[in-house]
Amino acid sequence: MAQGSDSNDASYTRSPSPGSKQDSSDDVKKVMRREKNRIAAQKSRLRQTQKADSLHLESENLEKENAALRKEVKQLDEEAKYLSSVLSSHEPLCSALLPQSTDILYSPHQGAFHQPQVTSRYQH
């Protein structure tokens, strides 16, 4: 309903009859109720606009964060590939330093099989 449409209402243009205070009181109540409703609707529209603006900003921030995280994942994937290739090229050098024994050790305390731990004096 348009704001200016209230002025077309017959209750606004008609003069109260001299002997009817009840009608006049009802008209005042109707005008007050409409004014309160108009203000409430205005506040509701303002809150709705503010909520939409807030959601829009949050959406933009989440999109930026998502893009940054995707970039970080890409960089970490590249780093993992690089480190994997470095390890692959380095493994043949280190396997020559490992002892030739392939014995598997059993630890009764842990109940599991373990490969021997080898520490090298050489810096790789």
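A short reminder: the numbers here are calculations on the coordinates, not readings from a lab. If you're wondering where the values come from, they're calculated on a predicted model, not measured in any experiment. As a convention, Cβ positions derive from the backbone with ideal geometry for all residues, glycine included, and neighbour counts pool all protein chains shown.
Figures for the structure shown
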quantity: FRET efficiency, 1/(1 + (r/R0)^6) with R0 35 Å, evaluated for Ser25 and Gln50 via beta carbons; calculated: 0.40
quantity: Calculated FRET efficiency for the pair Ser59/Glu79, C-beta based, R₀ 41 Å, to 0.05; calculated: 0.85
quantity: Difference of contour (0.36 nm per residue) and Cα-Cα distance, Val86 to Lys43; calculated: 9.1 nm
